[in-house]
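Have a look at the structure below before the remarks.
The values are calculated or read from the model by the stated rules, or taken from the named source; none is laboratory data. The structure presented is a predicted model; accordingly, all values stated were derived computationally and were not measured. Here Cβ is always computed from backbone atoms with ideal geometry, including for glycine, and neighbour counts include all displayed protein chains.
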């Protein structure tokens, strides 16, 4: 029994660290993007900020463009909860908790469906 409790605590701690790291990374990236735009005399809220284009992201980051950091921060913010669910799924699978694996898989399926629908309406 003690081993199961320890495994559960370890999994929850790991998931908590994932969320914390994703949150800090989001704050740093969005902060860099906003600071870069402000230092460049622009506002992230003004018209003319390029829309999100995943294909442009690597070039924007390599060129040090503020928009790249801003968009990457937003991507990290959006993907962190999904990464937490995926990590939980793997943790539950490793412990043989089939019900929780099914719940996690269903949540990931809903997230994936939402992303696919959003991409289809763009």
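Looking at region 52-76 only, could you name the residues that are touching a residue at least 24 places away in the same chain (Cβ under 8 Å) and buried (at least 17 other Cβ atoms within 10 Å of the Cβ)? Hits for region 52-76 are 65, 66, 67, 68, 69, 70, 71, 72, 73, 76.
Within region 77-89, does at least one residue satisfy the condition of being exposed (fewer than 15 other Cβ atoms within 10 Å of the Cβ), modelled with pLDDT under 95, closer than 25 Å to residue 36 by Cβ and within 15 Å of the chain's Cα centre (by Cα)?
Taking region 77-89 as the starting set, the residues that turn out to be exposed (fewer than 15 other Cβ atoms within 10 Å of the Cβ) are 78, 81.
Those still in the list that are modelled with pLDDT under 95 too: 78, 81.
If we keep only those that are closer than 25 Å to residue 36 by Cβ as well, we get 78.
Next, from what is left, pick out any that are within 15 Å of the chain's Cα centre (by Cα): 78.
Within region 77-89, one or more residues are exposed (fewer than 15 other Cβ atoms within 10 Å of the Cβ), modelled with pLDDT under 95, closer than 25 Å to residue 36 by Cβ and within 15 Å of the chain's Cα centre (by Cα).
Is it the case, given these coordinates, that residue 49 is modelled with pLDDT under 95, surrounded by 11 or more Cβ atoms within 10 Å (Cβ to Cβ) and farther than 25 Å from residue 81 by Cα? Reasoning before the result, please.
On the way: modelled with pLDDT under 95: yes; surrounded by 11 or more Cβ atoms within 10 Å (Cβ to Cβ): yes; farther than 25 Å from residue 81 by Cα: yes.
Yes; evaluated as a whole, the condition is true for this residue.
Of the candidates 85, 76, 101, the single residue that is over 20 Å from residue 118 (Cβ atoms), part of a helix (DSSP H, G or I) and in contact with a helix residue (DSSP H, G or I) (Cβ under 8 Å, 6 or more places away or on another chain) is 101.
Can you find even one residue in region 24-42 that is closer than 19 Å to residue 115 by Cα and either surrounded by 12 or more Cβ atoms within 10 Å (Cβ to Cβ) or touching a residue at least 12 places away in the same chain (Cβ under 8 Å) (or both)? There is no residue in region 24-42 that is closer than 19 Å to residue 115 by Cα and either surrounded by 12 or more Cβ atoms within 10 Å (Cβ to Cβ) or touching a residue at least 12 places away in the same chain (Cβ under 8 Å) (or both).
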